[in-house]
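S.K.: Before I ask anything, here is the structure I am working with.
The values are calculated or read from the model by the stated rules, or taken from the named source; none is laboratory data. Computed from a prediction, not measured in an experiment: that's the story for all the values here. Every residue, glycine among them, receives a Cβ derived from its backbone with ideal geometry; neighbour counts consider all protein chains shown.
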Amino acid sequence: MRAGYLEYIEKRLYRARGVFRKIGGKPRMPPIAELLDRTATVLATLYLMFTKRYYSPNQTETEIIQKDICLEALRLVLNVNEKPELSNSETQALPALFAFHAARFEARQNPTGELIGFSEQDRLLYILPSPSIEISRCYVLAKSHSPQEALIHLDRLSQERPFFNKMANYHAAVGLVLEESKNAQKAKMAWLRAAELSKHKKEIEYLKKRAERVQI
């Protein structure tokens with residue numbers, strides 16, 4: 001399913017690039033009125049993208065939860081909130097919902113990939129929902145207000161909850177915000193620290209690639 005989905009996206013992108021080459025134009029941001037009309041459809045699509053990959057019964061046992069696609073859905077819905085005109089209670093609720101479920105990634109499966117029932121899950125493996133939501137909000141804060149304000153917020157979170165410093169997604173958020181503030185060297189260090197703390201091969205590969213992309 002994942003390979004087919006990615007192939008479908010690649011084909012759509014290829015066709016879109018062909019259209020722009022043919023007409024000699026460049027992509028443009030539609031007027032706000034058009035964006036508002038499309039927002040509900042975008043949110044519904046991202047909701048399906050997350051929920052269908054949060055439990056994928058047709059995948060192999062170790063891929064029942066496809067974290068990379070779930071996290072991509074979270075990233076995209078945060079992008080929707082970057083535009084103040086589109087950010088409202090509905091668009092803000094969706095990343096909170098995604099973050100809440102993502103907080104249970106580690107507790108939902110055992111090392112062999114088998115699902116663990118809610119009553120048997122180790123609560124110590126939960127990434128607390130509220131902190132996860134706070135981390136997600138920091139990137140939106142960096143875009144809607146300023147990276148400096150988001151960095152202050154992230155620093156406060158790590159002081160109030162020292163265990164944040166041992167969380168890969170916290171350092172990934174720091175890397176994102178530092179990139180926004182044009183602090184390339186520290187951003188690279190944050191991405192690498194996130195890779196060191198991650199326990200998942202695909203996620204580690206992604207985080208290292210993000211670090212490599214940062215131009216110092």
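S.K.: Could you list, in sequence order, the residues of segment 171-194 that are closer than 11 Å to LEU151 by Cβ and either basic (Lys, Arg) or touching a residue at least 60 places away in the same chain (Cβ under 8 Å) (or both)?
M.R.: Residue satisfying the conditions is LYS186 alone.
S.K.: (1) polar (S, T, N, Q); (2) closer than 24 Å to LYS202 by Cα; (3) at pLDDT 80 or above: which one isn't true of ASN88, the others all being true?
M.R.: Every condition holds for ASN88 apart from (2).
Every residue, every condition in (1) modelled with pLDDT under 80; (2) under 21 Å from VAL80 (Cα atoms); (3) not polar (S, T, N, Q), yes or no:
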{"residue": "ILE9", "(1), (2), (3)": "yes, yes, yes"}
{"residue": "PRO30", "(1), (2), (3)": "no, yes, yes"}
{"residue": "ALA44", "(1), (2), (3)": "no, yes, yes"}
{"residue": "TYR47", "(1), (2), (3)": "no, yes, yes"}
{"residue": "PHE50", "(1), (2), (3)": "no, yes, yes"}
{"residue": "SER56", "(1), (2), (3)": "yes, no, no"}
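S.K.: Let me ask something additional. Determine if segment 110-127 includes at least one residue that is among the basic types (Lys, Arg), under 15 Å from the mean Cα position of the chain (by Cα) and at pLDDT below 75.
M.R.: No, segment 110-127 has no match at all.
S.K.: Can VAL77 be described as surrounded by 16 or more Cβ atoms within 10 Å (Cβ to Cβ), of a type in the set (Val, Ile, Thr) and at pLDDT 75 or above?
M.R.: For VAL77, the condition - surrounded by 16 or more Cβ atoms within 10 Å (Cβ to Cβ), of a type in the set (Val, Ile, Thr) and at pLDDT 75 or above - is met.
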